[in-house]
1. Taking the stated definitions as given, is A:L46 of a type in the set (A, V, I, L, M, F, W, C) and open to solvent by 20 Å² or more (accessible area, probe 1.4 Å)?
2. So how many residues does the stretch B:508-522 have that are open to solvent by 10 Å² or more (accessible area, probe 1.4 Å) and not in a loop (DSSP other than H, G, I, E, B)?
3. Scan the stretch B:277-303 residue by residue and report those that are charged (D, E, K, R) and open to solvent by less than 10 Å² (accessible area, probe 1.4 Å).
4. In the stretch B:340-384, what residues are surrounded by fewer than 21 Cβ atoms within 10 Å (Cβ to Cβ) and on the phi > 0 side of the Ramachandran plot?
5. So which residues in the stretch B:420-433 are open to solvent by 20 Å² or more (accessible area, probe 1.4 Å) and under 18 Å from B:S113 (Cβ atoms)?
6. If you check B:D406, B:D451, B:D467, B:D387, which single one turns out to be among the acidic types (D, E), within 28 Å of B:Y56 (Cβ to Cβ) and surrounded by fewer than 22 Cβ atoms within 10 Å (Cβ to Cβ)?
7. Might you check whether a residue that is open to solvent by less than 30 Å² (accessible area, probe 1.4 Å) and under 19 Å from A:R194 (Cβ atoms) occurs anywhere in the stretch A:136-145?
8. In the list B:E341, B:E357, which residue meets the criterion of being in a helix (DSSP H, G or I), without any contact (Cβ under 8 Å) to a residue 12 or more places away in the chain, closer than 22 Å to A:S84 by Cβ and in the same structural domain as B:A382 (by TED's automatic domain parsing)?
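The values are calculated or read from the model by the stated rules, or taken from the named source; none is laboratory data. These figures come from a predicted structure and were not determined experimentally. Cβ atoms come from the backbone with ideal geometry, glycine included; neighbour counts cover every protein chain shown. Accessible surface areas use protein heavy atoms only, side chains included; no ligands, DNA or RNA. Shrake-Rupley method; radii C 1.70, N 1.55, O 1.52, S 1.80 Å.
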Amino acid sequence: MSDKSQVPHELKDNVAVTPWTKLFDPLSPIYNWGRKYSMWPMGFGLACCAIEMMATAAGRYDLSRFGMELMRPSPRQADLMIVSGTVTKKMMPQVVRLYNQMPEPKYVIAMGACATSGGPFKEGYTVVSGVDKFIPVDVYIPGCPPRPEALLQGFLKLFEKIEGQKISTSPWYTKKEFPAIPVPLLGPDLIDLRKVQETRNEQPEASTVPATN
Amino acid sequence: MAEKIVTAPLAQLTPEMVLLKERFGDAIQPAEYEGIVIANDRLLEVAQAIRDDLGYDYLSSLTGVDYFDKGYFETVYHAYSLARGGGPLVFKARTPRDANAAEIPSVVSIWGSAEFQEREAYDMFGIRYTGHPDLRRILTWEGFAGYPLRKDWKEAYYEQDHKPFDSRWPGGHHVPAEERVQFHDNVTVSSETFNVESFTPEAEQLLYSGIIPIPGSGNGHGLHTDSVVVNLGPQHPSTHGVFRLVVRLSGETVEDLKPVMGYLHRNHEKIGERNTFSQNMPFTDRLDYLCSMSNNFGYALAVEKLMAVKPPERTEYIRVIMAELTRVMNHLAFCGFLTNEMGAFFTPFIYAFEERELILDLFEMASGSRMMCNYFRFGGLARDISDEFVQRLRHLVFERLPQKTDEMENLITTNEIVRARAIGVAVLPRAAAISLGAAGPLLRASGVPYDVRKAEPYSIYDRFDFDLVTGTNGDVYDRYLVRIGEIRQSIRILKQALEQLPVGEIQTGKKAYQTRVPAGQAYGRVEAPKGELGFYVVSDGSPNPYRYHVRATCFINLGSLATMARGGKLADAIIGLGSIDTTMGEVDR
């Protein structure tokens, strides 16, 4: 109840209305502090970068200093997806599906050149040019592979982002719905269903399927 | 280009090939550069003779080549004799370059290791191997448009046939790839014109049709039970990367198993053909990303064979040092991953990574990068090692590593749980290991004393004193023991190499950005930590390889997983996979 206009007329002078923002925003730093030091990344390695991610979790770089050593094997329990490596067209449907299964609030880190843009394999015929073609990314980490220090720096950047969020405005406490990202299809090539939909809306007649092989 | 290949010299026939020629007459013809061409209708007969009468019992590599100008597809086979060692018998089969009717008889019935490799060649070139039991696409998916490694097939971001591209050199301004191409994305078929309603995905159907559950087949002791088909992955099994297993289970017992791969197919070979020879070196790092130095080694050997260059003494020693350090690192990490699969979640792996970090420090000191070293050059190295490097290495080799290997062994070898879960589990019999083309520790654990370093010594491995470690039972425990033994042997080699390390040049000839590689064909192989890693390079004399193929150990080793897992429990199949020690970067390339 943040709006004074909703208060009955006769009570208007007797009631002090505190807006949601005023009520919760002082709590946000504590809330965010708790959230950022209890990140649960998903144990999800794709390629070379996953080895550096493991090295980050191991003794020398020690991820647990940042409260995120608990790699969850299930997307349902995780709130951070580290896309560590080349995403191929064959793997893309699964990455999107995993992303959809993660509960809000969720974050995505694109680790390394391949997850960011396709990297050295960009010209390859089965490589997706960056995971952000399909899922939203919060932090990009350059490198091939990024050193563990770079990954840690990426986490700190993510923490900064989390610190800037407020309970009153965070979308996952509103009534807003989060529509799932349509899982791409493996047809003659990787088919982005969002694009298919767009054209469908424009012109109702579907054209013919291109020949497979 | 075409003329160069046509005028290529015909191969000199070895005595064995002459024997074959006498026996089979016109079915055998000498090929260009090396090997013989066998007529398709007698291929199986000749292959049988090559295996049984000549003793080439191990088909190491099978791959396709598209000779576009000459109008045929070729399949190249490299067969070795495990008992005698030595070089390969190279033979080839050809089929007209007909888009839809290219056919060559399958040799799966003679060498089991051809199964995955023929599927790969089918996937990449569209050559149909008649008689293959399960000819489906393997690296791309069923329904993928086109056969990517054909010379006339172009990827979405195609610019030119060969690098360096004009658009980037010299001084041209850069336009992002997405803006240059037809659909503004890395696709050859537009999403906009795709009809979802009429699309039926065939990939899954085809996969499951090979592994249908049989009604009433369970062992229900009088009850009506069915077997079920279960998918594992892509991902979990158990975090070796993106890999998928389709398993038919009866209760908890594995009846049949099909690995599904290609989730990390990064088009290594297509990109390799566009690249110049030296541009490929950093890409080899990313094959088996745990052992970048060994990958460099194999590729450098193959190209040096073509160039007929020999690196200087000091370089040879540094190469051996790097390769053996990689082996130590890989096998220690293996111990960590294997116990991870048995349920010792992460703790042993942290022990392994402690040593790995120290070795990576050395790599970084020498090459400038921790993981992706890009350290080898044709006829040399990127840069020399410093005295500080030698000092640190000395400490590591003489004091720290032997002690840490003991520590690792104390943790695992006599551990009750490890013994219970590893002994007698996922057995790969000797004959099956040979037929399926298993390589490296997997082959040696099954009792075959075969190691490329001994069988066909490359570089300067013939100067070192070391033993082959072999197992007897071919189970998971033996594979573990073989690897621990190999760590000790590697440390032995490292000690000798450190003692003998000479001073001097590290590069034969001048350092160059562009390498001139004469026309020819070469197969260079090394004993990588995971097994025999081969590079098949065809050069037509231009600055780019005409064909560039990687004989990926992990890919072929995975072929033995089904044999290991059948009849065992599901949890043992996962340990079996762990004991093969795969890296998906190399499996899928």
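1. Values: of a type in the set (A, V, I, L, M, F, W, C): yes; open to solvent by 20 Å² or more (accessible area, probe 1.4 Å): no.
No, not satisfied.
2. Applying the first criterion (open to solvent by 10 Å² or more (accessible area, probe 1.4 Å)) to the stretch B:508-522 yields B:508-516, B:518-519, B:521.
Okay, now just the ones that are also not in a loop (DSSP other than H, G, I, E, B), so B:521.
Of the residues in the stretch B:508-522, 1 are open to solvent by 10 Å² or more (accessible area, probe 1.4 Å) and not in a loop (DSSP other than H, G, I, E, B).
3. B:D285, B:D288
4. B:G343, B:F346, B:G368, B:N374
5. Kept after step one, since they are open to solvent by 20 Å² or more (accessible area, probe 1.4 Å), are these residues of the stretch B:420-433: B:420-421, B:423-424, B:427, B:429-432.
If the condition is that a residue be open to solvent by 20 Å² or more (accessible area, probe 1.4 Å) and under 18 Å from B:S113 (Cβ atoms), then B:P429, B:R430, B:A431, B:A432 are the ones that fit.
6. Among B:D406, B:D451, B:D467, B:D387, only B:D467 is among the acidic types (D, E), within 28 Å of B:Y56 (Cβ to Cβ) and surrounded by fewer than 22 Cβ atoms within 10 Å (Cβ to Cβ).
7. Yes, because at least one residue in the stretch A:136-145 is open to solvent by less than 30 Å² (accessible area, probe 1.4 Å) and under 19 Å from A:R194 (Cβ atoms).
8. Working: B:E341 fails: without any contact (Cβ under 8 Å) to a residue 12 or more places away in the chain.
Of B:E341, B:E357, the one residue that is in a helix (DSSP H, G or I), without any contact (Cβ under 8 Å) to a residue 12 or more places away in the chain, closer than 22 Å to A:S84 by Cβ and in the same structural domain as B:A382 (by TED's automatic domain parsing) is B:E357.
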